[in-house]
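Notes for the one structure printed next.
The values are calculated or read from the model by the stated rules, or taken from the named source; none is laboratory data. From a predicted model like this one, the values you see are computed outputs, not experimental measurements. So basically every Cβ, Gly included, is an ideal-geometry build from the backbone, and we count neighbours across all protein chains shown.
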Amino acid sequence: MDSTVQLTGLLGVSSPPLAQSHCYSRSGARKQSCSLRAPRRQGMTRLRAVGMGAPGGEPPAAAPEQVEEPSVDFAFVSPRLLPDGTPDVHYRTARGGQKLRDIMLEGYIDLYGPYDKLLLNCSGGGVCGTCIVEVVQGKEMLSPKTDVEKEVLKRKPKTWRLACQATVGNADSTGQMVIQQLPEWKIHEWDK
């Protein structure tokens, strides 16, 4: 049984509905939103499902109430733009209570950039400062800065965090976060 999915890109531009079966979380529970790829002329664009309905644009049929596991949705923004000038965004979902570093590495998100060699970073010890990220949205979901973070980031913007030191909520947290990867290398600016 297929349904139609209305997609919205990062910049809010809607696409025509696409046929899609069901989207599932890691635990196998059905999700109301999911990430998809839609073909474009210059490669692939990542899009986010914002609404699901029955085929033909009809409203969705009433489904039995399912309790979805608590999870946090992430949008990881690469420091470089795609060839067409749009941001390269990767969507992931994870349970809270984990270090941001672990979520990024498990989701195959570039964390260290040019420092991705064993001897160039401290592998989560918090002393090298190579896992710096900028929290664009959802900073309230992160644990307070540790003393190690305060020392390493004392001359950096307040929105920057060490991914190896920042814990994302707890096991029953839900919410959304936008994380800028490698903020020292980014070529675009965020509206504040």
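Might you check whether a residue that is acidic (Asp, Glu), buried (at least 19 other Cβ atoms within 10 Å of the Cβ) and in a strand (DSSP E or B) occurs anywhere in segment 123-142? Within segment 123-142 (the criterion being acidic (Asp, Glu), buried (at least 19 other Cβ atoms within 10 Å of the Cβ) and in a strand (DSSP E or B)), the answer is yes, since at least one residue qualifies. Of all positions in segment 148-155, at least one carries a residue that is in the same structural domain as Val127 (by TED's automatic domain parsing), surrounded by 21 or more Cβ atoms within 10 Å (Cβ to Cβ), in a helix (DSSP H, G or I) and free of Cβ contacts under 8 Å to residues at least 24 places away in the same chain. Elements of the type strands (runs of 3 or more DSSP E) sitting completely within segment 31-117 and holding at least 2 residues that are modelled with pLDDT of 60 or more: these cover 72-81, 87-94. If you go through segment 84-123 and pick out every residue that is among the aromatic types (Phe, Trp, Tyr) and either closer than 19 Å to Ile187 by Cβ or touching a helix residue (DSSP H, G or I) at 6+ places or on another chain (Cβ under 9 Å) (or both), you end up with 2.
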